[in-house]
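Worksheet for the structure shown next.
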Amino acid sequence: MLQKLLILCFVLIAPHIGFSQNNSLVIFSENGIPFYITVNGEKINKQAETNIKASGLSNGWQHIYITIPGIIKEPTLKDSINLGTQERFQNKEFTYILIKKTDKLVLQFKSISEPSGPQTPPVPEAPKETTPIIDNSIYGNVYQAVKNKPVFFQNYNIETETCNTPLNDKDIQYIKNLIIKANDKEASHRYITEVISKNCYTVNQLNELLQLEPIDMDRLYNAKNAYWHISDLQNIKTLLFTFNYPAMKESFENYIFEQENIAKQKQLNCSTPINETNFNQLFSKLKNLTYDSDKLNEAKKQLSKTCLSSLQIKKISSLFTHDREKLDFIKYAVNIITDKENKATLAEELQYQGSKEEFYKHIHYQP
């Protein structure tokens, strides 16, 4: 009798258990800082990432533990998130923003939506053709096979930001064939990245290349690197549809906004900095903001229409606590510096050698 009751209870409860474990939780870093997350005692990601999705969650309270690696005093966050218990909250995607405030981490609710993408990013099927690349063969404007390995042609001129030989549709097909035949996923990503960095293309051609990337984060990385290689930038926003996850779309849209501001900066042809009165007003406005992220966003907005001297840029950079925001700011500000002969001195504001080297690399090709 007891056995029959147990079976009956399982039959009645099992459908509800299965129905209530289809929720997903998406957490992405506001400032692009990679992090680890554990949900209900289960570690979700083996490598630190900026955008993480945990799937198969039940309704009710979820216990969250987040850490940021690579910092001397690692910020951590222990919190609980309620995914709701009502039927309307089942099979939904709950999105939160991870915000770093000084040495504290805070989760901020963003949205509840329908599932935006698969639990596990799709992986391309194993290639059906394993025919090796034929040595000494040239594949259009893309690459030449040498010792059964592709050697990609450098068609992009970094100094002029142009290509003498843009890719055509046949070249794109050569690339697609190469990627499909690659048995190594890491090699496929490396090939796509190299082609994008060494060539020019239209938005549609770039989209074909990005579609060869199974992971949204890799698509975002290559889409950003491709920006100044695109011949029809007026169509750039159509690339937003290539991403599966809203956080990736938002990140790329913000990147487009920043690049458009950089273009405006370059058109200013800065030679004279703003006067002391206007600078003091700008400085006070930024200083009165509480968080470094807000100061950085406002500074970038103002710098799309303002010329500054190296001393003015250094004074504003002193408002930021960490190298991360300082580096981001001075890389952005170097486009509107009036005394260009002093732009290398901006590195003096950075604390770590790695940050300084990244800045020197950034200004290497600056006019």
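Once the Cβ-Cβ distance between residue 109 and residue 244 is put in as r, and R0 is 22 Å, what FRET efficiency do you end up with, to the nearest 0.05? The partial results should precede the final answer.
Details: r = 21 Å, r/R0 = 0.97.
That gives a FRET efficiency of 0.55.
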Worksheet entry | Rel. contact order, % - alpha carbon contacts under 8 angstrom, at least six apart, segment 138-249 | 24 percent
Fill in: Taking the chain and dividing mean pair separation by its residue count, relative contact order in percent (alpha carbons under 8 Å, at least six apart)
9 percent
Discussion item. I need the shape label for segment 269-363. Rule: rounded when a/c is under 1.5, else prolate if a/b > b/c, else oblate, with a, b, c from the alpha carbon gyration tensor.
Written reply: oblate
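Based on the alpha-carbon gyration tensor of segment 155-263 and its eigenvalue square roots a ≥ b ≥ c, which shape applies: rounded if a/c is under 1.5, prolate if not and a/b is larger than b/c, or oblate?
Working: a/c = 1.84, a/b = 1.14, b/c = 1.62.
Because a/c hits 1.5 or more and a/b fails to exceed b/c, segment 155-263 counts as oblate.
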Response to the item:
When 137, 188, 355 are ranked with the fewest other C-beta atoms within 10 Å first, the list becomes 137, 355, 188
Worksheet, complete the sentence: In this structure, the FRET efficiency calculated for residue 288 and residue 147 from their beta-carbon separation, with R0 = 56 Å, to the nearest 0.05, is 0.35
Worksheet item: Under the classification rounded if a/c is under 1.5, otherwise prolate if a/b is larger than b/c and oblate if not, where does the chain fall, given a ≥ b ≥ c as square roots of the Cα gyration tensor eigenvalues?
Response: oblate
Worksheet item: Between residue 215 and residue 101, what is the label-to-label distance in nm when each label sits 7 Å out along the Cα-to-Cβ direction?
Response: 3.2 nm
Practice prompt. Enumerate the aspartates and glutamates that residue 287 could reach by cross-link, defined here as Cα to Cα under 15 Å, with residues fewer than 8 away along the same chain left out.
Written response: 298, 325
Item to complete: Excluding residues on the same chain fewer than 8 positions from residue 43, give the lysines whose Cα lies under 22 Å from its Cα.
Response: 53, 73, 78, 92, 100, 104
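Bear in mind these aren't lab numbers, they're just calculated from the coordinates by the rules spelled out. None of these values were measured; they are calculated from a predicted model. Note: ideal-geometry Cβ built from the backbone for every residue, glycine included; neighbour counts use all protein chains shown.
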